[in-house]
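All remarks here apply to the structure that follows.
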Amino acid sequence: MPFTGPLEDRIAIREVMESYAFAVMTVDAELWASTWAEDAYWALPEYPDLGGFDGKKAIVDAWVGSMKVYGLDDMKRPMVYLAHPGRIEVDGDTARATTMTIEIYQHPETGETVHGNGHYEDELARIDGQWVFTRREYRIFHERRQGGE
C-alpha cells in the first residue's frame, strides 16, 4: 500500500510537498527553506554539473540562485511547478515518500520552453513537531522542449 501510517502525519507531509511547490510558484525563499531540515541533502543526479547540496544553507542558496534564471516570459513570471504525492509511508518520526512533479519554465540558455515531468524520492523526519525533508533525490520521467533561439 503506497499510503501507510497515521492520516494526520500523511496530511502534514502532503502539506510540506504542497508548501514546497507553492514556494516555487511564488518565489518565496523563506517558505521553501522551511520545508528542509538543517542537515538535509538535495540530490540532483540528472544535473551532473550540480550533483547535490549538503545542508540547508547550501540547498537554499542554490535554489535562490536558480530562481533568478528559471522562470517564464524572460523572467517576467515564475516557473510553473506542481506537485502531488505518489506515496507516503510513515514510520514513527520518519517517512519515505514519492513526490510527482510537473514543471514548465524557459530554459535560461536556449530560451526554449521546457515541459518536464519528474519525481522526487523523499525522506522526511518530524523535528520539533514539524515534518521536513531530510533528503530529496530528483529524477526526470519526460521532458519536452519548444521554441527557443
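Every read-out reported here was derived from the displayed coordinates using simple, explicitly stated rules and does not represent laboratory data. Note that this is a predicted model, so its numbers are computed, not measured. Cβ sites come from the backbone with ideal geometry, for glycine too, and all protein chains shown count toward neighbours.
Treating cross-link reach as a plain straight distance, find the aspartates and glutamates whose alpha-carbon is under 19 Å from the alpha-carbon of K76, omitting any fewer than eight places away in the same chain.
Hits, sequence-local ones excluded: D28, E103, E109, E112, E149.
Starting with the highest mean, order 87-93, 125-131 by the number of other Cβ atoms within 10 Å, averaged over the residues of each peptide. The partial results should precede the final answer.
Values: 87-93: 15.9, 125-131: 13.7.
Ranking the peptides 87-93, 125-131 by packing returns 87-93, 125-131.
If r is the Cβ-Cβ distance from Y47 to D74 and R0 is 22 Å, what FRET efficiency results, to the nearest 0.05? Could the numbers behind the result be given before it?
Numbers: r = 22 Å, r/R0 = 1.01.
With R0 = 22 Å, the Cβ-Cβ based efficiency is 0.50.
Using a simple charge model, +1 on the beta-carbon of Lys and Arg, -1 on the beta-carbon of Asp and Glu, nothing else, what dipole does region 1-105 show about its Cα centre, in debye to the nearest 20?
Details: 9 positive and 18 negative charges, 52 e Å.
For this selection, approximately 240 debye.
May I ask which residue of T113, V132, S19 lies farthest towards the positive end of the charge dipole of region 3-146, with charges of +1 (Lys, Arg) and -1 (Asp, Glu) on Cβ and the Cα centre as origin?
Among T113, V132, S19, the one farthest towards the positive end of the dipole of region 3-146 is T113.
If I histogram all Cα-Cα distances within region 78-149 using bins 5 Å wide from 0, what percent of pairs lands in each bin?
Each 5 Å bin holds this share of Cα pairs: 4, 16, 20, 19, 13, 11, 8, 5, 3, 1, 0.
Angle check, please: helix 56-67 long axis (alpha carbons) against the longest principal axis of the chain (alpha carbons), in degrees 0 to 90, nearest 10.
Helix 56-67 and the main axis of the chain meet at about 30 degrees.
Students often check this: by mean Cβ neighbours within 10 Å, which of 136-146, 51-61 ranks highest, and how do the rest follow? Spell out each step's value before the answer.
Numbers: 136-146: 13.2, 51-61: 15.8.
Packing order, densest peptide first, comes out as 51-61, 136-146.
Return the distance in nm (one decimal) between the two label points of a simple spin-label model at S66 and D54, each offset 7 Å from Cα along Cα→Cβ.
So the two model labels end up 1.9 nm from each other.
How do 113-121, 73-81, 35-43 rank on mean C-beta neighbours within 10 Å, highest first?
Working: 113-121: 16.9, 73-81: 13.8, 35-43: 18.8.
Those peptides, ordered most packed to least, come out 35-43, 113-121, 73-81.
Could you give me the percent of Cα pairs per 5 Å distance bin for the chain, shortest bin first, beginning at zero and ending with the bin that holds the maximum distance?
Once binned at 5 Å, the Cα pair distances of the chain give 2, 10, 18, 23, 21, 13, 8, 4, 1, 0, 0.
Return the FRET efficiency for the residue pair E112, L82: r is the Cβ-Cβ distance, R0 is 35 Å, and the value is rounded to the nearest 0.05. Walk me through the numbers on the way to the answer.
Details: r = 20 Å, r/R0 = 0.56.
Plugging the Cβ-Cβ distance into 1/(1 + (r/R0)^6) gives 0.95.
Using the beta-carbon distance between E8 and H142 and R0 = 22 Å, what value does 1/(1 + (r/R0)^6) give for FRET efficiency, to the nearest 0.05?
Working: r = 34 Å, r/R0 = 1.53.
E between E8 and H142, to the nearest 0.05, is 0.05.
Round to the nearest 10 and give me the degree value, 0 to 90, for the angle of helix 7-26's Cα axis relative to the longest principal axis of the chain.
20
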